[in-house]
């Protein structure tokens, strides 16, 4: 294995990212609209969230692709992507990781509820990625929690293989 990477730290990052994706509405209601003071305004919420989500996604994508290089099975096509907000396709973790890594644009898709507050918006856990592959442009959106579920399942299935490669690393064996 080329890099010594902790499965546990990836699982923690995946759980945190899934939590952000799932809890968007409650987080905004609590800290932007119901608190005695506004911890976040829309601008600081958007910037803090995008930084956290983007840094987590790129780190996870690169590390998961590292493990995928020696995966002895074909990862399932269990992540749904939506192209042009209309057509739905099922893709695997490798595909999504490659698109995250090579995206030219990453857009967090927000939603709102005018019945609660006309300015009430939150991140609903979807991301739109766009980029180019050769001369062809691509754009699609996907659910981040679904991506995290797929990654957690992949790491669970790969755990013994990864741990075996880490344990049998030549440099570690030479110094033990």
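Could you check the stretch 49-77 and list, in sequence order, the residues that are surrounded by fewer than 13 Cβ atoms within 10 Å (Cβ to Cβ) and either modelled with pLDDT under 90 or over 23 Å from residue 143 (Cα atoms) (or both)? Scanning the stretch 49-77 gives 69, 70, 72, 73, 74.
The requirement of being modelled with pLDDT under 90 and either in contact with a helix residue (DSSP H, G or I) (Cβ under 6 Å, 6 or more places away or on another chain) or surrounded by 14 or more Cβ atoms within 10 Å (Cβ to Cβ) (or both) is fulfilled nowhere in the stretch 86-97; no residue meets it. Exactly one residue out of 67, 141, 73, 120 is farther than 20 Å from residue 45 by Cα, touching a strand residue (DSSP E or B) at 6+ places or on another chain (Cβ under 6 Å) and in contact (Cβ under 8 Å) with a residue 60 or more places away in the chain: that is 141. One residue stands out in the stretch 17-48 among those that are surrounded by 13 or more Cβ atoms within 10 Å (Cβ to Cβ) and modelled with pLDDT of 90 or more: the one that is farthest from residue 159 (Cα to Cα), namely 23.
The values are calculated or read from the model by the stated rules, or taken from the named source; none is laboratory data. As the structure is a computational prediction, the values presented were derived from the model and not from experiment. Cβ coordinates were reconstructed from backbone atoms using ideal geometry, including for glycine residues, and neighbour counts include every protein chain displayed.
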